[in-house]
Amino acid sequence: MARYTDASCRLCRRECQKLFLKGERCYSPKCALEKRSYAPGQHGQSRKKSSEYGLQLREKQKCKRFYGLQETQFRNLFDKAERKKGITGENLLILLETRLDNVVFRLGFASSRKEARQLVTHGHFTVNGRKVDIPSYTVKAGDVIKVKERSANSPKFKEIKDMTISVPNWVTVDVEKLEGKVVSIPTRSEIDTPVAEHLIVELYSK
């Protein structure tokens, strides 16, 4: 599977917005966007007027990078959202939020979605008692995500037991048990990702 291997901070600088791709570093003065709040490259500091298409493209790129997907993955998810009943843009965000790697991140078991994807791929989690190592796995209401017993003794997860974790309303977490539950499928109002999804729909509808 293709994956982005270049510097993550370049993506934040290109979107001129923190995408929180590097966990704790994004909250510190070391964040690249704090030092250079302009796009990377030779012409990064030049002012350019964006066209309608440019605005739509940037919104799609920003959303794709927030969740760490490649173009083909993102487009396939959009097509799936379009086939579902309801508003396509909202369906897209809900499908992105209910990916297993994102839920692991939302539960506080990883400091970034990139780290969550790696932990899932390495087989550290179970869903309803069964090992799942596919980051794109779609969780459902009532699903229980838990750190495997063998993994719970690792330094990474021992640290989590001493933390106070704030989670969205649509999930609950038991830090002591290293276990989380999807209470309900999130609604658009419960998704705090700063994305104007209607621009993405307009882009793909051309």
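None of the figures in this text is laboratory data; all of them are computed from the coordinates on show. Source: prediction; values computed, not measured. Ideal geometry is used to build each Cβ from the backbone, glycine not excepted, and the neighbour counts take in all protein chains shown.
Please determine whether any residue of segment 135-155 is loosely packed, with under 15 Cβ neighbours inside 10 Å, out of contact with any Gly (no Cβ under 9 Å at 6 or more places or on another chain) and of a type in the set (A, V, I, L, M).
The answer is yes; a qualifying residue exists.
So which of Phe78, Phe74 is hydrophobic (A, V, I, L, M, F, W, C), without any contact (Cβ under 8 Å) to a residue 60 or more places away in the chain and either farther than 20 Å from Asn169 by Cβ or part of a helix (DSSP H, G or I) (or both)?
The match here is Phe74.
Going through segment 144-182 one residue at a time, which ones are part of a loop (DSSP other than H, G, I, E, B), closer than 17 Å to Arg99 by Cβ and touching a Ser or Thr at 6+ places or on another chain (Cβ under 9 Å)?
Trp170
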